[in-house]
Amino acid sequence: MPILTAIIVLGGIGILGAVILYAVSKRFFVKEDPRIELIEQLLPGANCGSCGRSGCHDFACACAKASSLDSLVCPGAGNEAMAKIADIVGLSPVESAPMVAVLRCNGTCHNRPVTARFDGPSSCAIVQQLGVATTGCTYGCIGNGDCVSACRFGALHMDPATGLPVVDTDACTGCGACVKACPRHIIELRAKGPRGMRVWIACANRDKGAMAMKVCKAACIGCGKCKKACPHDAITVENNLAYIDFNKCKLCRKCVLECPTHAITDAGFAMNAQAMAALAAEKKRQAEAKKAETQKQQGENDSNK
């Protein structure tokens with residue numbers, strides 16, 4: 001009897017609790033805008049925070065309530081998804097230029113030899129906080145992959161041959177999570193460029209030329225040759241470091257050819273800058289040779305007359 005009584009009492013309490021919970025849920029139920037679910041289905045669901053919101057659900061709620069989408073952009077969703085969201089909420093779509101992460105460091109194992117080993121947690125943030133220097137360059141990539149761990153889209157991996165992270169431009173959404181994760185701030189979001197073509201300075205070293213070259217063979221020495229070569233005024237040199245404004249850059253790559261340390265990197269081109277220059281030089285040589293041959297033939301014809 002005591003056991004049966006306990007079962008009845010506990011069962012009654014459970015049923016009473018269920019009734020109370022049901023009544024409370026009905027009383028305080030908040031009807032959600034059905035458009036929010038539709039919008040959330042178009043979002044990547046990574047909750048990366050690149051939109052400035054706490055997550056994808058919060059972003060969807062903001063879109064449903066907004067009177068304009070000007071300040072609401074999800075890099076992970078892309079322009080196509082944002083256009084569909086605009087159609088759902090009945091607002092004008094806002095297109096943004098595709099962005100991609102680039103590494104402002106070319107300090108490979110060959111260019112920047114390791115001078116010490118850190119026998120501790122494999123974390124760039126911890127190494128930076130402790131002030132540990134595993135190479136002579138205190139500006140370059142630490143190489144422990146905090147950016148890789150931060151990426152929700154699998155767009156980054158560490159290259160064991162170079163010791164540097166590699167960005168998969170097809171998978172990168174430009175969310176900026178890797179930018180926030182890098183303690184040395186050497187990952188930057190830049191315009192993906194037409195057909196994926198872009199040019200940037202793969203260095204963040206602000207030391208003077210001789211000192212920078214001492215720790216890394218591919219360091220920017222702030223010589224300014226790239227700035228002089230640029231016909232579009234897209235390059236500035238401050239604190240011994242050059243920087244290319246991707247909004248002004250016309251992708252002519254004259255700076256790439258002028259850089260004496262090969263600190264300028266290009267990507268997405270069918271032909272590298274050196275091969276392009278060699279081809280242009282060969283075409284120019286052939287044109288000059290043809291012109292000289294024509295002039296010679298013309299001279300012989302004039303002599304015969």
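Going residue by residue through the stretch 103-110, is there one that turns out to be surrounded by fewer than 14 Cβ atoms within 10 Å (Cβ to Cβ), outside any loop (DSSP other than H, G, I, E, B) and of a type outside the set (D, E, K, R)? Write out each step before concluding.
Of the residues in the stretch 103-110, the ones surrounded by fewer than 14 Cβ atoms within 10 Å (Cβ to Cβ) are 110.
Subset that is outside any loop (DSSP other than H, G, I, E, B): none.
No, every residue in the stretch 103-110 fails to be surrounded by fewer than 14 Cβ atoms within 10 Å (Cβ to Cβ), outside any loop (DSSP other than H, G, I, E, B) and of a type outside the set (D, E, K, R).
Report yes if some residue within the stretch 117-129 is of a type in the set (D, E, K, R) and in contact with an Asp or Glu (Cβ under 7 Å, 6 or more places away or on another chain); otherwise report no. Spell out how you get there, then give the answer.
Taking the stretch 117-129 as the starting set, the residues that turn out to be of a type in the set (D, E, K, R) are 117, 119.
Still in the list and also in contact with an Asp or Glu (Cβ under 7 Å, 6 or more places away or on another chain): none.
So far as the stretch 117-129 goes, no, none of its residues is of a type in the set (D, E, K, R) and in contact with an Asp or Glu (Cβ under 7 Å, 6 or more places away or on another chain).
State whether the residues of the stretch 270-279 include one that is in contact with a helix residue (DSSP H, G or I) (Cβ under 7 Å, 6 or more places away or on another chain), closer than 25 Å to ILE187 by Cβ and surrounded by 10 or more Cβ atoms within 10 Å (Cβ to Cβ).
The answer is yes; a qualifying residue exists.
Regarding ILE126, is this residue closer than 23 Å to ARG190 by Cβ and among the β-branched types (Val, Ile, Thr)?
Numbers: closer than 23 Å to ARG190 by Cβ: no; among the β-branched types (Val, Ile, Thr): yes.
No; evaluated as a whole, the condition is false for this residue.
Looking at GLY76, GLY49 in this structure, which one is within 20 Å of ALA150 (Cβ to Cβ), out of contact with any Phe, Trp or Tyr (no Cβ under 8 Å at 6 or more places or on another chain) and crowded, with 16+ Cβ neighbours inside 10 Å?
Numbers: GLY76 fails: out of contact with any Phe, Trp or Tyr (no Cβ under 8 Å at 6 or more places or on another chain).
One residue alone meets the criteria, GLY49.
ARG198: of a type in the set (D, E, K, R), surrounded by 21 or more Cβ atoms within 10 Å (Cβ to Cβ) and within 21 Å of the chain's Cα centre (by Cα), yes or no? If you could, list the steps in order and put the result at the bottom.
Working: of a type in the set (D, E, K, R): yes; surrounded by 21 or more Cβ atoms within 10 Å (Cβ to Cβ): yes; within 21 Å of the chain's Cα centre (by Cα): yes.
Yes: the conditions hold for ARG198.
Picking from ASN79, ASN47, which residue would you name as being closer than 21 Å to CYS175 by Cα and part of a helix (DSSP H, G or I)?
Answer to the selection: ASN79.
Could you pull out the residue among ALA292, ALA280, ALA275 that is under 26 Å from LEU164 (Cα atoms) and not assigned by TED's automatic domain parsing to the domain that holds THR135?
ALA275
Here are some conditions: (1) within 23 Å of GLY196 (Cα to Cα); (2) modelled with pLDDT of 95 or more; (3) not charged (D, E, K, R). HIS262 meets all but one. Which one does it not meet?
(2)
So, in the stretch 224-236, exactly how many residues are surrounded by fewer than 17 Cβ atoms within 10 Å (Cβ to Cβ) and not basic (Lys, Arg)?
The qualifying residues number 6.
The values are calculated or read from the model by the stated rules, or taken from the named source; none is laboratory data. Everything numeric here is computed off the predicted structure, so don't read it as measured data. Ideal geometry is used to build each Cβ from the backbone, glycine not excepted, and the neighbour counts take in all protein chains shown.
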